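Inspection log for the structure reproduced underneath, given as structure tokens.
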Amino acid sequence: MEAPEWDPLKNDTLPPTLTPAVPPYVKLGLTIVYTVFYSLLFVFIYVQLWLVLHYRHKRFSYQTVFLFLCLFWASLRTVLFSFYFRDFVTANSFSPFIFWLLYCFPVCLQFFTLTLMNLYFTQVIFKAKSKYSPELLKYRLPLYLASLFISLLFLLVNLTCAVLVRTQNSERKVIVSVRVAINDTLFVLCAVSLSICLYKISKMSLANIYLESKGSSVCQVTSIGVTVILLYTSRACYNLFILSFSQTKKVNSFDYDWYNVSDQADLKCQLGDAGYIVFGVILFVWELLPTSLVVYFFRVRNPTKDLFLSRLL
């Protein structure tokens with residue numbers, strides 16, 4: 001049985017519920033799988049942060065900041081899915097702040113990691129060119145400030161829209177539409193910027209030398225970067241397409257009307273079990289996979305082993 005339609009204009013106080021649409025063992029099994037994957041990623045990142053201390057790497061660097069962001073992201077997703085073991089209603093009837101923190105804030109953290117990747121690869125370009133063009137170094141501070149501004153803008157838009165959705169029920173869809181348009185446009189722009197950085201790095205021999213000194217290579221950077229770009233861009237384009245399409249026609253095939261649960265969970269407050277399954281699958285493909293790839297790239301390496309390998313090369 002599918003859950004009846006819920007109209008926020010008639011009753012905005014009714015807590016969202018999830019009604020059985022698939023066998024309970026399927027739902028439980030998927031919940032276990034989702035929780036285990038996010039927990040494993042959390043443990044892996046946690047170990048990496050301890051290795052930073054063990055190998056005496058810099059405690060404040062692109063690597064540590066990125067790992068801390070991903071650790072926080074993995075913890076939020078793990079906590080969210082842990083609620084689905086016993087009480088689905090509780091997982092969908094949090095207070096406004098907790099609901100935003102568990103469902104929406106992880107998308108902000110992902111955007112922060114994307115801007116951080118842009119900064120990191122831009123620094124690789126600056127270091128490779130600084131020997132011949134030292135004037136490039138003067139652009140580092142403006143670049144940091146611009147990235148900080150974009151990240152704060154992304155966070156502010158999400159917070160503001162989350163508050164407005166709770167107070168302006170009649171304009172719920174308009175508010176979410178604005179947020180989706182801004183969020184996904186910024187995602188696409190950052191993905192384009194990252195692709196430009198990767199293209200420039202692939203053409204620079206000095207960048208390859210710098211990356212090899214860090215235990216990586218241009219080929220590895222390019223493959224991971226292109227995968228992340230494609231995943232984030234496809235998610236953004238999908239959200240924008242479904243949002244515009246849903247304005248004129250209700251879409252039921254392949255549960256397209258759940259689109260908002262990937263990062264716009266406040267537009268649709270009632271999800272059936274089928275929507276929950278798709279929710280987990282989408283988070284796996286468009287969140288867990290790209291984040292895991294980049295965590296692998298920023299993993300902590302044994303400096304002694306890297307030095308030995310560099311001598312062999």
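The values are calculated or read from the model by the stated rules, or taken from the named source; none is laboratory data. Since the structure is predicted, the reported quantities are computational estimates derived from the model, not experimental observations. Don't worry about glycine lacking a Cβ; one is built from the backbone with ideal geometry, like all the others, and counts go over all protein chains shown.
Flag: Arg59 does not match the condition of being crowded, with 18+ Cβ neighbours inside 10 Å, touching a helix residue (DSSP H, G or I) at 6+ places or on another chain (Cβ under 9 Å) and of a type in the set (D, E, K, R). Within segment 248-261, is even one residue more than 21 Å from Ala162 (Cβ to Cβ), more than 17 Å from the chain's Cα centre (by Cα), surrounded by fewer than 21 Cβ atoms within 10 Å (Cβ to Cβ) and at pLDDT 85 or above? No - not one qualifying residue is present in segment 248-261. When we screen Pro20, Pro16 for residues that are touching an Asp or Glu at 6+ places or on another chain (Cβ under 7 Å) and at pLDDT below 80, the only hit is Pro20.
Residue check: is Val36 more than 23 Å from Leu114 (Cα to Cα), more than 14 Å from the chain's Cα centre (by Cα), among the aliphatic types (A, V, I, L, M) and surrounded by fewer than 17 Cβ atoms within 10 Å (Cβ to Cβ)? In short, yes.
Residues in segment 274-301 that are touching a Leu at 6+ places or on another chain (Cβ under 8 Å), outside any helix (DSSP H, G or I) and of a type outside the set (A, V, I, L, M, F, W, C): none. When Pro96 is tested against (1) within 19 Å of Val180 (Cα to Cα); (2) within 20 Å of the chain's Cα centre (by Cα), exactly one condition is not met: (2).
The residue of segment 113-154 that is surrounded by the fewest Cβ atoms within 10 Å (Cβ to Cβ), among those that are small (Gly, Ala, Ser) and within 23 Å of Ala181 (Cβ to Cβ), is Ala146. Restricting to segment 223-233, give me the number of residues that are closer than 11 Å to Tyr199 by Cβ and exposed (fewer than 15 other Cβ atoms within 10 Å of the Cβ). Number of matching residues: 1. Within segment 203-216, the set of residues being part of a helix (DSSP H, G or I) and hydrophobic (A, V, I, L, M, F, W, C) comprises Leu206, Ala207, Ile209, Leu211.
Counting only helices (runs of 4 or more DSSP H) that fall entirely inside segment 89-202 and contain at least 2 residues that are of a type outside the set (Lys, Arg) and under 28 Å from Leu230 (Cα atoms), the qualifying elements are 105-129, 140-167, 172-202.
Restricting segment 217-247 to residues that are among the small types (Gly, Ala, Ser), at pLDDT 75 or above and assigned to a helix (DSSP H, G or I) leaves a set whose member that is farthest from Leu283 (Cα to Cα) is Ser223. Put simply, of Val165, Val180, Val174, Val157 the only residue that is surrounded by fewer than 17 Cβ atoms within 10 Å (Cβ to Cβ) and not hydroxyl-bearing (Ser, Thr, Tyr) is Val174.
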